[in-house]
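**Student:** Dropping a structure here in structure tokens format, bear with me for questions.
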Amino acid sequence: MTEIKQNGLVISERDLGENDKILTVLTERYGKLSVVAKGAKSVRNRHMPSTQLFAYSSLGLRKKGNYYYITDSDLIENYYDIRNDIVKLSLATFICDVINDVAQEGNNEDEILRLALNMLFAISKEIKPLEVIRAVFQLRLASELGFTPSIDACHVCNESSSNEYYLDIIDGVVTCPSCKNKTNFTFEDNPFYEKGLNKPVAVVSMSVLKAIDFVCTTSQNKLLSFSLGDSEWTSFFDVSEKFLLNHLERGFYSLDFYKSLLF
Ligand SMILES: [Zn+2]
């Protein structure tokens, strides 16, 4: 039997019988783990505070078969404010869903765990508008997964003084208007395009490109420290969503639900 001690964040929970739960816990060193929480549905259970969705705890875990079992728990943060607001709750659920989709078991997922914790803190304290937090999460996660765009100048002529650029969402490169007709965009390579779900090319200003570059490359503790002109946020939000969903090649029910609450 293997015993480990790790800080872990509960990113999904489901019931197991009347008293127990199966949790998905994201840890720094061991990535995503399936954890059986015996008796977790009872308020008298000593591990109850650490077995709730979004709970971040120091955990003692013992492996038996395909699952880990909790031997010890000490809650660090529960992001309690998130539960009191359905919009915050649905955004946090989307973030955990995406991370559950991309995190691997056995991988070091330190950066993704830090990103999740930063975003949950930002949502719980609402230190920025929720749509800004979502956009930053989507871009930075795509970047952590290896999809950092190369966008400081036109990839054909290297020019960087145009008012607008065409961002190829799949290849992560930009083209200036005068070079636009000289290159082939990846319309036919993109599974979303034919279904009409997403356009793979977005028209964006240089300031939006700079904001995207900042979010993809800055240190995690500065992720939300940037601003844009009022008219540019919509474009930033739009690109960030397309960028992540096109690279993951899927949508999320929890994202659709969150968006249904906004409009
Ligand atoms: Zn050009």
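The values are calculated or read from the model by the stated rules, or taken from the named source; none is laboratory data. Every value quoted in this text rests on a predicted model; they were computed, and no experiment measured them. Cβ coordinates were reconstructed from backbone atoms using ideal geometry, including for glycine residues, and neighbour counts include every protein chain displayed.
**Student:** Among the residues of the range 217-235, what is the count of those that are part of a helix (DSSP H, G or I) and buried (at least 19 other Cβ atoms within 10 Å of the Cβ)?
**Tutor:** Total satisfying the criteria: 1.
Yes or no, residue by residue, for (1) at negative phi; (2) outside any loop (DSSP other than H, G, I, E, B); (3) buried (at least 16 other Cβ atoms within 10 Å of the Cβ); (4) modelled with pLDDT of 90 or more:
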residue	(1), (2), (3), (4)
HIS155	yes, no, yes, no
TYR165	yes, yes, yes, yes
CYS179	yes, yes, yes, no
ALA211	yes, yes, yes, yes
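**Student:** With the structure loaded, tell me whether ASP238 is loosely packed, with under 14 Cβ neighbours inside 10 Å, within 23 Å of LYS88 (Cα to Cα) and at pLDDT 85 or above or whether it fails that test.
**Tutor:** no
**Student:** Please find, among GLU109, GLU77, GLU105, the residue that is of a type in the set (Asp, Glu) and surrounded by 17 or more Cβ atoms within 10 Å (Cβ to Cβ).
**Tutor:** GLU109
**Student:** Name the single residue, out of those in the range 102-128 being of a type in the set (Gly, Ala, Ser) and not in a helix (DSSP H, G or I), that is farthest from CYS216 (Cα to Cα).
**Tutor:** The residue in question is GLY106.
**Student:** Another question, then. Just to be sure before I move on: is VAL204 at negative phi, modelled with pLDDT under 95 and either acidic (Asp, Glu) or in contact with a helix residue (DSSP H, G or I) (Cβ under 7 Å, 6 or more places away or on another chain) (or both) in the structure I sent?
**Tutor:** Yes; evaluated as a whole, the condition is true for this residue.
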